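One structure is given below, encoded as structure tokens.
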Amino acid sequence: QVQLAESGGGSVQAGGSLKLSCTASGHIDNICAMGWYRQSPGKEREMISSIMSDGATSYEASVKGRFTISQDNAKKTLYLQMNSLKTEDTAVYYCAAEIREQCGDWHFPPVNNYWGQGTQVTVSS
């Protein structure tokens, strides 16, 4: 019913920047939260950043100060600005969202019920 589509991934030199986008489409009620996750080969998926319905944001320690999450409610699009990229940032990046008729009480972490297909980010030295 709801689809998430990521874009903006690619290859970049260490120290460079990339901006990821994620657009939601379909039958959308309330967007309770959206976030970015990443997964490297042989490792479990980890949460990188999230933004809640009240605007509160969170960042994983290794990306804090380098990455910035934002959203455009009118376009139903989530963004992740990634600066000062490191080789350790190489991973498949996923967009996720919690979309429900009613968001209910505030909670963290988000209970995501929709996921994108992922976009590859490769940082070379």
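Here are some notes:
- Filtered residues of segment 27-36 (kept if touching a residue at least 40 places away in the same chain (Cβ under 8 Å) and open to solvent by 20 Å² or more (accessible area, probe 1.4 Å)): Ile28, Asp29, Asn30, Ile31
- Pairing residues of segment 1-26 that are modelled with pLDDT under 95 with residues that are open to solvent by less than 60 Å² (accessible area, probe 1.4 Å), at Cβ distances under 6 Å and at least 6 apart in sequence or on separate chains, gives Gln1/Gly26.
- The residues of segment 1-32 that are among the aliphatic types (A, V, I, L, M) and within 26 Å of Glu88 (Cα to Cα), listed by number, are Leu4, Ala5, Val12, Ala14, Leu18, Leu20.
- Looking only at residues in segment 19-51 that are of a type in the set (Val, Ile, Thr) and either in contact with a Leu (Cβ under 8 Å, 6 or more places away or on another chain) or assigned to a strand (DSSP E or B) (or both), the one that is farthest from Lys86 (Cα to Cα) is Ile31.
- Filtering segment 47-64 to residues that are open to solvent by 50 Å² or more (accessible area, probe 1.4 Å), free of Cβ contacts under 8 Å to residues at least 60 places away in the same chain and in contact with a strand residue (DSSP E or B) (Cβ under 6 Å, 6 or more places away or on another chain) leaves Ser53, Thr57, Tyr59, Glu60.
- Test: residue in segment 53-64 that is outside any loop (DSSP other than H, G, I, E, B), at pLDDT 95 or above and closer than 19 Å to Ala5 by Cβ: no
The values are calculated or read from the model by the stated rules, or taken from the named source; none is laboratory data. As the structure is a prediction and not an experimental result, all values here were calculated from the model. Every residue, glycine among them, receives a Cβ derived from its backbone with ideal geometry; neighbour counts consider all protein chains shown. Just the protein is used for accessible areas: all its heavy atoms, side chains included, with ligands, DNA and RNA removed. Shrake-Rupley method; radii C 1.70, N 1.55, O 1.52, S 1.80 Å.
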